[in-house]
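Below is one structure, written out as structure tokens, with a few remarks after it.
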Amino acid sequence: VKNAAEAVTNADTPHGEITLATAFQHGMRVAIPGSRTRLDLPLMVSVRDNGGGIPEDIRPHLFEPFVTSKPSGNGLGLSLVAKIVGDHGGLIEVDSRPGRTEFRLHLPVVVDEEFDAP
Ligand SMILES: Nc1ncnc2c1ncn2[C@@H]1O[C@H](COP(=O)(O)OP(=O)(O)OP(=O)(O)O)[C@@H](O)[C@H]1O
Ligand SMILES: [Mg+2]
């Protein structure tokens, strides 16, 4: 959200807009290449902005620490997000072009065995 806010606060984006969305995507499963395991990731959180998009040279290293295009950026935001989402067994989808950037976080739900027991 901080990145989205920074992306829309410049002269190139006179009508900045940030859209936050959440969803419960029942049956959202992700296959892991080379494995029969499927990740069950029904929780979705999306942050979308209409800023200039992620710079081309940043893209391959987007989630690495200290990668930044901002004069006073630390490049720590997304590496922290990736670490937290990864620790939860989730994943992040990124879709970015000039005027439309979206980060979608997919997360699992905790299955409470006690609660589920008949
Ligand atoms: N919504 C976005 N629109 C355009 N570029 C983005 C967006 N989010 C991230 N980026 C690009 O990815 C880079 C890395 O983002 P990250 O949040 O990790 O660090 P930062 O924002 O530069 O610094 P910090 O988060 O530590 O203040 C940014 O510098 C920017 O180039
Ligand atoms: Mg940031």
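The values are calculated or read from the model by the stated rules, or taken from the named source; none is laboratory data. Note that the structure is a prediction, hence the values are computed from the model and not measured. With ideal geometry, Cβ positions are generated from the backbone for all residues, glycine too; neighbour counts draw on all protein chains shown. We work out accessible area using only protein heavy atoms, side chains counted, and drop any ligands, DNA or RNA first. Shrake-Rupley method; radii C 1.70, N 1.55, O 1.52, S 1.80 Å.
Of note:
- Only one residue of Asn50, Leu76, Gly90 has its Cα farthest out toward the positive end of the dipole of the stretch 34-91, where Lys and Arg carry +1 and Asp and Glu -1 on Cβ, and that residue is Gly90.
- For Lys2, the solvent-accessible surface computed with a 1.4 Å probe is close to 150 Å², ligands and nucleic acids excluded.
- Accessible area of the chain divided out per residue, in Å², using a probe of 1.4 angstrom: 71 Å²
- Tensor-based shape of the stretch 1-113 (alpha-carbon gyration tensor, a/c under 1.5 rounded, otherwise prolate or oblate): prolate
- Surface share of carbon and sulfur [accessible, 1.4 angstrom probe, percent] for the chain: 57 percent
- Charged-residue dipole, Cβ positions (Lys, Arg, Asp, Glu), the stretch 16-118 about Cα centre, Debye nearest 20: 380 debye
- Given their separation in residues at 0.36 nm each and the Cα-Cα distance between them, Phe24 and His61 gain 10.4 nm when the chain is fully extended.
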